[in-house]
Amino acid sequence: MSTPHNHAKPGDYAEAVLLPGDPLRAKWIAETFFDAPRQVNSVRNCLGYTGTWKGKPVSVQASGMGQPSLSIYVHELINVYGVKSLIRVGTCGGLNTKVKVRDIILAQGASTDSSIVKGRFGPYNYAPIADFGLLRDAANKADARGLKFHAGNMLSSDIFYHANGFEGYDKLPDHGVIGVEMEAAALYTLAARFGVKALAICTMTDCLITHEELSSDERQSSLRDMVELALDVAIGA
Ligand code: HPA
């Protein structure tokens, strides 16, 4: 059985899947890091691959941008393809001057403006959180690799271009939210609902406060560090 968004067959994905937003980054991850990569999905060019890393099976599937797109792929990866561990690898904006460009944010929690999460819990403010085991493992491995990282609260926003710019984030940075991306909260909420593990690992590429940005050369090398970290966490190396 395949799905309207994915023509892979059950068994085509490994139990652990990396989730970049960008399909060409999924291709780059498979071709750069996997041994024996094989493409398992190309519907809508939202590419997915399976291969091995350090001898262990692992997959990568592009999620597209934003929580609606990610939710479709993640729902199917869990419920049709039996995926047990989902690690988003992406970039994020910075909302705290202690987080420098190139630093990694491990999204311990993910606040959101998204009705995908907010609409589900009636009067309650649900707190989407990372799987503690994956988070602890990522923090330990980032330390061992000498990578600078911050574990904290991420904002997963449905809006990239706020009408009133940085002010659109309102009081969140004053309450410990250190970065902004567009996918983690829905990923964590789906993983919790279906009893699987999830973590979002993001490289901070553009600080919304200082307007510092990562150059394209630096972007590539820091993405490499992040992907190697995520792959080690995915296979439990
Ligand atoms: N906003 C949302 N998502 C992002 C950003 C941002 O500024 N930078 C990288 N991903």
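The values are calculated or read from the model by the stated rules, or taken from the named source; none is laboratory data. Quick caveat, the model's predicted, so the values are computed rather than measured. Backbone-built Cβ (ideal geometry, glycine too); neighbour counts: all protein chains shown. Each accessible area value is taken on the protein alone, full model and side chains, heavy atoms only, with ligands, DNA and RNA left out. Shrake-Rupley method; radii C 1.70, N 1.55, O 1.52, S 1.80 Å.
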Residue under question is Ala110, and the condition is that it be open to solvent by less than 10 Å² (accessible area, probe 1.4 Å) and either without any contact (Cβ under 8 Å) to a residue 12 or more places away in the chain or closer than 18 Å to Ile29 by Cβ (or both); does it hold? no
Given the structure, is Ala185 exposed (fewer than 14 other Cβ atoms within 10 Å of the Cβ) and more than 22 Å from Ser222 (Cβ to Cβ)? no
State all residues of segment 16-27 that are buried (at least 18 other Cβ atoms within 10 Å of the Cβ) and either among the hydrophobic types (A, V, I, L, M, F, W, C) or in contact (Cβ under 8 Å) with a residue 60 or more places away in the chain (or both); if no residue qualifies, say none. Ala16, Val17, Leu18, Leu19, Pro20, Gly21, Arg25, Ala26
Only one of Lys148, Lys197, Lys171, Lys141 that is open to solvent by 20 Å² or more (accessible area, probe 1.4 Å) and within 16 Å of Gly109 (Cα to Cα): Lys197
Quick count over segment 33-65, residues being of a type in the set (A, V, I, L, M), part of a loop (DSSP other than H, G, I, E, B) and open to solvent by less than 10 Å² (accessible area, probe 1.4 Å), is 1
Could you check Ser221 against (1) assigned to a helix (DSSP H, G or I); (2) touching a residue at least 60 places away in the same chain (Cβ under 8 Å) and say which number it fails? (2)
Give the number of residues within segment 112-135 that are in contact with a helix residue (DSSP H, G or I) (Cβ under 6 Å, 6 or more places away or on another chain) and among the small types (Gly, Ala, Ser). 1
Among Ser63, Ser42, Ser85, which is the only one that is more than 23 Å from Ile129 (Cβ to Cβ), among the hydroxyl-bearing types (Ser, Thr, Tyr) and in contact (Cβ under 8 Å) with a residue 24 or more places away in the chain? Ser42
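Tell me yes or no: at least one residue of segment 124-145 is within 16 Å of the ligand (Cβ to nearest atom) and closer than 22 Å to Met226 by Cβ. Steps first, answer last, please.
Applying the first criterion (within 16 Å of the ligand (Cβ to nearest atom)) to segment 124-145 yields none.
No, that holds for no residue.
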